[in-house]
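The values are calculated or read from the model by the stated rules, or taken from the named source; none is laboratory data. All values derive from a computational prediction rather than experimental measurement. Cβ placement follows ideal geometry from the backbone for every residue including glycine, while neighbour counts extend to all protein chains displayed.
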Amino acid sequence: MRTLSGIQPSGKLHLGNYFGSILPNFELSMKAEQSFFFIADLHALTTVNDPASLREARSDIILDYLACGFDPEKSVMYYQSHVPEHTELLWILSTVCPMGLLERAVSYKDKVQKGITASVGLFTYPVLMAADILLYDATTVPVGRDQKQHVEIARDLALKFNHHYGETLVVPEPLIRDEVAVVPGTDGQKMSKSYGNTIPLFGDEKMIKKAILGIVTDSKGVEEPKDPDTCTVYNIHKLFLSATEAKALADKYRAGGLGYGDAKKMLFEVYMDYFGAMRTKRTVLEKKQDEVREVIRKGAEKASRVASATMQKVRKAVGLM
Ligand code: ADP
Ligand code: TRP
C-alpha cells in the first residue's frame, strides 16, 4: 500500500481536523509501505490571494503536522509547489480530460455558489489533484466524503490515459473514513472554520478554554439527570476516552449531580492533557525554523525523485520523448 494525502493551507487546525483527518492519516501512514503527505499550496491559490497569508498558513501547517507526530523519515512531507512535475502532469492530464467530467464536479459548483471566483484554476482543480495522486503511484488516498469525487476523477483520468497511451499510471482507490465520526463544534453543528465554532489545537490556552466554556448546552441544573448523547460537551469529551471510560462518563451525566460547568472543566483538562505534549513540541519547533526548512527541502528532494521517474514514463508514453 502506498498512501498519499494532501491538505490545503487555509486556516488554523481544529479538533475536527485532528480526529477527522490528522489522526486517521497518521495511523494509516504507519501501516503503509510508503506514504506521501503534502501541503497543497498551488490548490490554495484558487481561494487565497494574499501572499502573506499563504506564506504563514503554509509554514503553520507544517509545524502543526510535525507537532502532531508526523515523522518525515517515515512519510515524505513536502510543499506541492516545490515539485514542478505536478503542474506538468496537470497539463498532460487536462488534454485527456473531457469537459463533462469537470462540469459534473460538485465541489466547483459549491465553491462558486459560496462566492469564490469561478477561475479556470478553480475549474481544473480536480485535474491538479489527479496529478498530485498519479505522480506518486499512490494506491490509497484517504479522504473525507467531500473529496471522494475528486479521487474518482483521478481514477478516471488514469484509466483514460492508460487506455489511450498504454499502461503507465497506477489507478488509485479512495479510502473513505466512514468510521470517523463528525466532530461537533461548540454550537453542536459540524465543527468547521467556516462556521466559527471551532476549538483550536494550538495557540493561546486562554482561547481554548474560552471555546470549551462556550460550548452550547441546554439549561439543566447541576442535580438534574442529563442525556449524554445529545450533549455536545459529552460528544466532544468522548473522543478522548476509551469505550469503558466513555460509558462511565455517560453514566455520570445520566445520574445527575454533574453540572455543565464542571463537565466543561473536565473536558478542558482532558484536552490539555492530550494535546499538552504536542503543544510543547510545536513551541519548540517554532524556534527551530532551520530544521523545519530542512524537513521541507529533503521532502521535496525525495518527492521529486518519484515524480520525475513517473514524468519520464508519461513523456515517453505521449511522444514528448
Ligand atoms: P473546515 O471544515 O474547517 O474547512 P477542512 O474542509 O479544511 O475543514 O477539512 C480538512 C480535513 O479535516 C478534511 O479531511 C475533513 O474531512 C476533516 N474535518 C474537518 N472538520 C471535521 C469535523 N468536524 N469532523 C470530522 N472531520 C473533519
Ligand atoms: N482537495 C483536498 C482538500 O481540499 C486537498 C488535496 C489536494 C488532496 N490534492 C490532494 C487530498 C491529493 C488528497 C490527495 O481537502
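Just a few scattered comments:
- Selection from region 39-73 of residues that are among the β-branched types (Val, Ile, Thr) and closer than 26 Å to Gly115 by Cα: Ile39, Thr46, Thr47, Val48, Ile61
- Check on Val112, within 16 Å of ligand 1 (Cβ to nearest atom), without any contact (Cβ under 8 Å) to a residue 24 or more places away in the chain, aliphatic (A, V, I, L, M) and part of a helix (DSSP H, G or I): no
- Selection within region 44-53 - buried (at least 18 other Cβ atoms within 10 Å of the Cβ) and assigned to a helix (DSSP H, G or I): Ala44
- When restricted to residues that are surrounded by 21 or more Cβ atoms within 10 Å (Cβ to Cβ) and within 13 Å of the chain's Cα centre (by Cα), region 23-35 contains 1.
- Every listed requirement among (1) surrounded by 16 or more Cβ atoms within 10 Å (Cβ to Cβ); (2) over 30 Å from Leu66 (Cα atoms); (3) of a type outside the set (Ser, Thr, Tyr) is met by Gly261 save one, (1).
- Considering residues of region 175-208 that are surrounded by fewer than 20 Cβ atoms within 10 Å (Cβ to Cβ) and within 14 Å of the chain's Cα centre (by Cα) only, the residue nearest to ligand 2 (Cβ to nearest atom): Leu175
- The residue of region 125-141 that is surrounded by the fewest Cβ atoms within 10 Å (Cβ to Cβ), among those that are within 8 Å of ligand 2 (Cβ to nearest atom) and either at pLDDT below 95 or of a type in the set (A, V, I, L, M) (or both), is Leu128.
- Screening Glu167 against (1) within 14 Å of ligand 2 (Cβ to nearest atom); (2) modelled with pLDDT of 95 or more; (3) not in a helix (DSSP H, G or I) leaves a single unmet condition, (1).
- Per-region count, region 62-86, residues within 12 Å of Ile296 (Cα to Cα), part of a helix (DSSP H, G or I) and among the hydrophobic types (A, V, I, L, M, F, W, C): 3
- Just so you know, in region 1-43 the residues that are in a helix (DSSP H, G or I) and farther than 19 Å from Leu201 by Cβ include one that is nearest to ligand 2 (Cβ to nearest atom), and it is His43.
- Long-range neighbours under 6 Å by Cβ, at least six apart or interchain, first residue aliphatic (A, V, I, L, M) within region 8-28, second part of a helix (DSSP H, G or I) and more than 12 Å from ligand 2 (Cβ to nearest atom): Leu13/Asp64
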